[in-house]
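The values are calculated or read from the model by the stated rules, or taken from the named source; none is laboratory data. Every value quoted in this text rests on a predicted model; they were computed, and no experiment measured them. When we count neighbours, we look across all protein chains shown, and the Cβ atoms used for this are built from the backbone with ideal geometry, even at glycine.
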Amino acid sequence: MTTVKQVLALIVLGLVLIGYHPQCLADPTIPDHFNQPAENLITGGQPSQADLKQLKEAGISKVINLRGPDEPISFDEQAAAEALGLTYISLPVAGAGDVTVEKARALYQHLQSDDKILIHCASGNRVGALLAIGAHDINGKPITESLEFGRAAGLSSLEPTVRSVLNVQTQQ
């Protein structure tokens with residue numbers, strides 16, 4: 001009888017592991033179209049006013065916007081965030097040419113708190129790019145691990161740019 005229970009326990013464990021996905025660890029109060037690469041960090045594309053309200057209710061206290069002033073949206077995000085009592089920071093990243101170690105360091109300066117933070121751009125790609133660079137430059141993570149963290153935060157088409165920045169940095 002004990003052997004049967006052990007086999008059943010292994011089968012259940014196997015099924016649980018097959019169904020495991022990192023997003024399962026994400027806070028269920030966070031909208032599905034955002035990522036949660038770290039406990040107090042939410043990343044993604046442009047939030048709506050409703051997203052900001054939901055994120056505030058989920059404990060977000062700071063919004064960092066990487067979009068530039070030349071990227072219009074349908075509402076005044078800063079005013080909407082501040083009306084909800086959120087700290088709003090604009091740190092414009094103007095495409096691949098602005099994905100630099102300096103911008104990553106500036107972003108990481110704003111992350112030095114226990115706040116639950118939303119970082120966004122239009123799609124999450126620039127967010128993931130700067131977080132990957134910072135993971136390597138500031139936190140000393142290996143390039144492979146830094147890129148994985150960036151991808152979890154939204155890094156996609158800017159990955160070759162990030163790889164280039166990280167490879168140049170390691171040669172210095």
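Given the residues 74, 113, which is the only one that is among the small types (Gly, Ala, Ser), under 23 Å from residue 39 (Cα atoms), in a loop (DSSP other than H, G, I, E, B) and out of contact with any Gly (no Cβ under 9 Å at 6 or more places or on another chain)? Even if it seems obvious, please write down each step before you answer.
Details: 74 fails: under 23 Å from residue 39 (Cα atoms).
Of the residues listed, the single one that is among the small types (Gly, Ala, Ser), under 23 Å from residue 39 (Cα atoms), in a loop (DSSP other than H, G, I, E, B) and out of contact with any Gly (no Cβ under 9 Å at 6 or more places or on another chain) is 113.
Cβ-Cβ under 8 Å, sequence separation 6+ or interchain: first residue in the range 146-160 and over 21 Å from residue 32 (Cα atoms) and in contact (Cβ under 8 Å) with a residue 60 or more places away in the chain, partner not hydroxyl-bearing (Ser, Thr, Tyr) and not in a loop (DSSP other than H, G, I, E, B). Which pairs?
Every condition considered, the pairs that remain are 158/96; 158/125; 158/126; 158/128; 158/129.
Pick out the one residue from 94, 104, 81, 129 that is buried (at least 22 other Cβ atoms within 10 Å of the Cβ), over 15 Å from the mean Cα position of the chain (by Cα) and among the aliphatic types (A, V, I, L, M). Steps first, please.
On the way: 94 fails: buried (at least 22 other Cβ atoms within 10 Å of the Cβ); 104 fails: over 15 Å from the mean Cα position of the chain (by Cα); 129 fails: over 15 Å from the mean Cα position of the chain (by Cα).
Every option except 81 fails the conditions.
Would you please list the contacts, defined by Cβ atoms under 9 Å and residues six or more apart or on different chains, that run from a residue in the range 27-39 that is within 20 Å of residue 155 (Cβ to Cβ) to a residue that is of a type in the set (Gly, Ala, Ser) and in a strand (DSSP E or B)?
Partner pairs satisfying both residue conditions: 31/44; 33/44; 34/44; 35/44.
Can you name the condition, by its number, that residue 156 falls short on among (1) modelled with pLDDT under 95; (2) of a type in the set (S, T, N, Q); (3) not in a helix (DSSP H, G or I)?
So the condition that residue 156 fails would be (1).
Just checking, how many residues over the range 54-78 are surrounded by 15 or more Cβ atoms within 10 Å (Cβ to Cβ), of a type outside the set (S, T, N, Q) and out of contact with any Pro (no Cβ under 6 Å at 6 or more places or on another chain)? Show your work before the answer.
Here is the first cut: in the range 54-78, the residues surrounded by 15 or more Cβ atoms within 10 Å (Cβ to Cβ) are 54-56, 58, 60-68, 77.
Within this subset, residues satisfying the condition of being of a type outside the set (S, T, N, Q) are 55-56, 58, 60, 62-64, 66-68, 77.
From what is left, the residues that are out of contact with any Pro (no Cβ under 6 Å at 6 or more places or on another chain) are 55-56, 58, 60, 62-64, 66-67, 77.
Result for the range 54-78: 10.
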